[in-house]
Amino acid sequence: MEDTNTYKTACNLCFVNCGLEVTLGGEDGRQFIKVKGDKDHPKSQGYICNKAARLNFYQNDNNRIHSPKKRMEDGVYVDISWEQAIQEIGSKLKSVQEQHGGERILFYGGGGQGNHLGATYVASLLNALDVRYRGNPASQEKTGHTFVFSQMFGLPVHSDIEKAQVVMFSGKNPFMSNGMDQARNFLREMKRDPERTLIVLDPRRTETTDYADIHLAIKPGFDAWCLSAILAQIVKNHDLPLDWLKAHTRGYEEIIERFSKVSVKDYAEHCGVPLHTIEAAAEAIANASSFSLEEDLGVQMAPHSTLNSYLDLLLSAITGQYGKTGTLGPVLQIAEALPTDHTPLDEEGNLLVVDRLPVTGAPIVSGLYPGAVLADEIDTDHQDRPRAMILESTNVVHSLPESDRIARGLRNLDFSLAIDVVMTETARQCDYVLPASSQYEKWEATYFQRHYPKNIFHLRRPMLEPAGDTLPEAEIYARIIEQLGIVDASTLDQLTAAAEEGDSRFGQVLMEILSEQPQLKRVMSYLLYRTLGQTLEPGQDVAAALWGLCQRFVMSHPVEVARAGFEGPNAGSDMFRALCNSPSGVVISIADHADSFTKLPKPENKIQLPIGTLLRDIDELDQLQAPVDTPEGFPMLLVAGQRRSYTANCIMRNPDWIKGKGQMELTISPEDADGLGLEELSSAVLETQNGRCEVSVSIDERMPKGLMALPNGQGMDFVNDAGEVVKAGYWINKLTSAKLIDKHIGTPLHKHVPARLLSAG
Ligand SMILES: Nc1nc2c(c(=O)[nH]1)N[C@H]1C(S)=C(S)[C@@H](COP(=O)(O)OP(=O)(O)OC[C@H]3O[C@@H](n4cnc5c(=O)[nH]c(N)nc54)[C@H](O)[C@@H]3O)O[C@H]1N2
Ligand SMILES: Nc1nc2c(c(=O)[nH]1)N[C@H]1C(S)=C(S)[C@@H](COP(=O)(O)OP(=O)(O)OC[C@H]3O[C@@H](n4cnc5c(=O)[nH]c(N)nc54)[C@H](O)[C@@H]3O)O[C@H]1N2
Ligand code: SF4
Ligand SMILES: [Mo]
């Protein structure tokens with residue numbers, strides 16, 4: 001690097017985590033004075049979007065917390081020492097565990113858009129406390145999709161979208177939300193290439209539909225009919241790859257039969273898309289040399305959420321678009337932000353949920369409870385309610401439905417702990433708040449590394465010393481574990497001594513210790529941190545758990561890692577060292593399309609097409625009903641949480657980071673504005689069944705009649721340099737409901753909130 005003040009790192013504002021080169025400067029040398037894309041990063045290759053340029057607002061947020069805090073009886077927070085904090089937190093957690101059992105301690109979080117190393121270490125603490133119920137932001141959006149691909153493929157799949165000839169975005173607006181590598185470059189390329197076709201399913205004309213060849217402009221919430229109509233059109237009017245289906249799938253006959261019965265014309269009419277547009281989409285997909293589909297919140301947080309994910313995956317599977325260039329394929333992961341689900345089905349294809357939350361009975365899928373039910377789970381006097389919560393890298397009071405009830409529920413627990421970089425709405429309800437070092441002050445990594453066929457892992461190094469008295473999560477969890485007194489000092493000494501003799505000696509002693517004390521497997525990441533970590537460079541100890549993950553990864557996928565250059569008895573350790581020594585990230589495995597089927601579950605190695613419970617949902621579509629029951633008096637629909645150019649979940653709190661107009665307003669169609677007598681920037685009152693707020697309105701000719709939208713993650717307060725509390729936009733989860741959720745998995749239907757708008761006058 002030319003400039004000694006320039007560092008390679010990655011952006012933490014969305015789950016794409018583009019590689020960056022950041023130059024530090026300013027009076028204290030800690031300001032991000034220049035941010036550009038890192039050309040050496042194997043997937044972003046220099047690409048960044050508008051948001052990364054203003055990352056300084058994250059790092060140098062002057063509302064950051066610098067020392068542990070304890071809430072006093074009067075609600076005021078006082079600074080306390082780490083010693084006092086850890087001692088009190090450890091003993092309170094232990095007492096809840098002893099009195100009520102670990103299943104009454106709930107965990108949520110473990111990394112936002114880019115910081116997942118902490119999740120590896122919290123696992124040790126949660127195991128030590130016998131914590132049974134864990135949730136994270138992915139379990140309020142992606143668990144339906146995960147459930148479906150797990151059932152069908154038995155492993156995580158991802159599309160090779162960059163090389164696909166025909167691409168479809170289902171409820172996804174990558175121009176604004178990115179959500180894929182180099183989104184805007186990709187859209188431009190699609191548009192430029194006459195051989196390629198882009199299909200977008202969205203009720204709204206979006207920045208992404210501007211690049212599309214085919215826009216399926218459905219009525220909001222009618223996705224399941226539109227997707228079924230396309231499937232039916234393909235099954236009835238196009239040649240299917242029957243030999244391929246026979247060789248690689250199970251149950252294709254049943255799927256073909258189901259969709260043969262669907263009236264394409266009726267479904268098209270019901271979802272509001274012209275028949276010829278459905279036909280064009282079906283033709284493009286059926287004739288594609290390669291096809292990839294990516295979906296996001298527009299279908300996942302909308303009616304039929306889980307069913308939509310099923311229909312989306314069926315589109316690829318029934319047309320044979322799996323396991324070759326430009327299609328879906330299996331992803332191999334070192335660590336998973338969202339684990340594959342193993343929920344079994346009974347003979348009729350119903351989910352045999354193994355575990356449920358004690359109060360709401362919400363299903364545990366992928367080992368996670370649905371975040372959307374948190375208000376109902378904790379704001380109750382139910383005898384089996386949780387008694388304690390640990391929250392890390394998440395602002396649940398702001399980001400999950402029914403904020404006020406979550407806040408009250410947290411206050412009523414026997415114990416609550418938040419670990420964050422700032423004093424969030426959630427932290428302000430907790431008994432203790434521990435200050436984490438920021439993502440640019442510690443070694444950090446994202447586990448959102450879903451790529452196919454090449455897999456990439458990026459371990460980022462710190463650019464700055466930790467601010468104030470902050471600590472990385474690994475150290476925080478290690479100290480609490482030590483307070484609980486789980487591991488004796490001699491075991492740690494033995495391991496540290498072995499680590500100093502090199503990786504192979506360390507591996508050998510570790511195995512011996514684990515066979516003598518198998519219970520220590522549950523705190524494996526802690527062990528690695530405190531022992532192997534001691535032999536790494538200062539601060540790098542927080543990466544130690546990756547050593548174990550690398551060993552496991554190379555053992556599970558020897559062929560794929562060998563293609564990326566990691567071979568022989570030291571492959572795992574070599575991979576770990578490569579991660580530590582590659583500031584821009586490393587290609588850790590390369591899949592071969594030929595192996596895509598051998599990776600599928602044995603003995604058949606086939607894609608399982610029928611999922612009984614969802615096939616019955618498909619049958620029900622035939623009644624051409626409304627997607628959800630509309631409550632009387634709420635004739636419009638609110639999209640509660642739209643991605644705009646200056647939204648980044650709850651990560652950016654200072655309103656000064658926002659550039660440009662129209663970022664915060666409630667957007668409505670010109671017809672609705674006329675009908676309600678509203679003008680640009682008029683005030684209006686927005687009401688749902690759960691709340692009301694006064695909003696400023698912007699007239700947007702891209703919005704269809706009856707639909708309104710507010711951005712996600714706004715309305716947080718921020719204390720500015722003058723000591724005034726300022727905020728931008730509206731706190732949408734005061735308007736949403738913990739009851740408006742998908743019936744199978746519990747994802748919230750935030751894109752489809754019944755609402756009304758009244759003129760403020
Ligand atoms: N700028 C920005 N980018 C982000 C984020 C951010 O906060 N800001 N957050 C990141 C995160 S965590 C996520 S999960 C992703 C989400 O990324 P996206 O899902 O792409 O973003 P959204 O704007 O939430 O929703 C996508 C589209 O859904 C459409 N939609 C609304 N109702 C329906 C419907 O009934 N059916 C269909 N088919 N579409 C509908 C909306 O019109 C919108 O264009 O974005 C990531 N990227
Ligand atoms: N109504 C509605 N609600 C939504 C959405 C919507 O569209 N509509 N979108 C949903 C989606 S898709 C998502 S992903 C969620 C996200 O919602 P959350 O789970 O709340 O996650 P983030 O908003 O990403 O917040 C991350 C938190 O991590 C903190 N943080 C940042 N860096 C660090 C660090 O290094 N260590 C620690 N310990 N903390 C750190 C930040 O200060 C912030 O408080 O919001 C969801 N909520
Ligand atoms: S696409 Fe996402 S990760 Fe990349 S620069 Fe933009 S916000 Fe950051
Ligand atoms: Mo998300």
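The values are calculated or read from the model by the stated rules, or taken from the named source; none is laboratory data. Values in this document were obtained by computation on a predicted structure and should not be read as measured data. Positions of Cβ are backbone-derived with ideal geometry, glycine not excepted, and every protein chain shown enters the neighbour counts.
So which strands (runs of 3 or more DSSP E) are wholly in the range 117-197 and hold at least 2 residues that are more than 16 Å from ligand 2 (Cβ to nearest atom), closer than 26 Å to I278 by Cα and outside the structural domain of P462 (by TED's automatic domain parsing)?
Result: 157-159, 166-170.
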TODO: Report the residue count in the range 683-732 for those that are buried (at least 19 other Cβ atoms within 10 Å of the Cβ), in a loop (DSSP other than H, G, I, E, B) and away from ligand 1 (no atom under 16 Å from the Cβ).
DONE: 1
Task: Residue selected from the range 591-627 under the condition modelled with pLDDT under 95 and of a type in the set (A, V, I, L, M), by the criterion nearest to P220 (Cα to Cα) - done: L600
Task: Subset of the range 19-53 [within 16 Å of ligand 2 (Cβ to nearest atom), within 30 Å of P453 (Cα to Cα) and in contact with a Ser or Thr (Cβ under 8 Å, 6 or more places away or on another chain)] - done: L20, V22, K51
Open item on the list: Of the conditions (1) within 26 Å of Q429 (Cβ to Cβ); (2) more than 16 Å from ligand 1 (Cβ to nearest atom); (3) in contact (Cβ under 8 Å) with a residue 40 or more places away in the chain, L24 satisfies every one except a single condition; which number is it?
Closed with: (1)
Task: Verdict on N654 being within 16 Å of ligand 1 (Cβ to nearest atom), within 22 Å of the chain's Cα centre (by Cα) and either at positive phi or not aliphatic (A, V, I, L, M) (or both) - done: no
Task: Residue, farthest from H451 (Cα to Cα), within the range 555-582, restricted to residues that are acidic (D, E) and surrounded by 15 or more Cβ atoms within 10 Å (Cβ to Cβ) - done: D574
Open item on the list: Given the condition among the aromatic types (F, W, Y), at pLDDT 95 or above and assigned to a helix (DSSP H, G or I), answer yes or no: does some residue in the range 309-332 qualify?
Closed with: yes
- [ ] Assess whether E98 counts as being assigned to a helix (DSSP H, G or I), more than 16 Å from ligand 4 (Cβ to nearest atom), farther than 19 Å from F448 by Cβ and touching a Pro at 6+ places or on another chain (Cβ under 8 Å).
- [x] no
- [ ] Working carefully through the options Y432, Y447, Y477, find the one that is buried (at least 17 other Cβ atoms within 10 Å of the Cβ), within 16 Å of ligand 4 (Cβ to nearest atom) and within 29 Å of I378 (Cβ to Cβ).
- [x] Y447
TODO: Check the range 642-655 and report whether any residue there is under 25 Å from P303 (Cβ atoms) and away from ligand 2 (no atom under 16 Å from the Cβ).
DONE: no
Open item on the list: Quick check on this structure: which one of P68, P42 is within 16 Å of ligand 3 (Cβ to nearest atom) and either more than 22 Å from E441 (Cα to Cα) or crowded, with 23+ Cβ neighbours inside 10 Å (or both)?
Closed with: P42
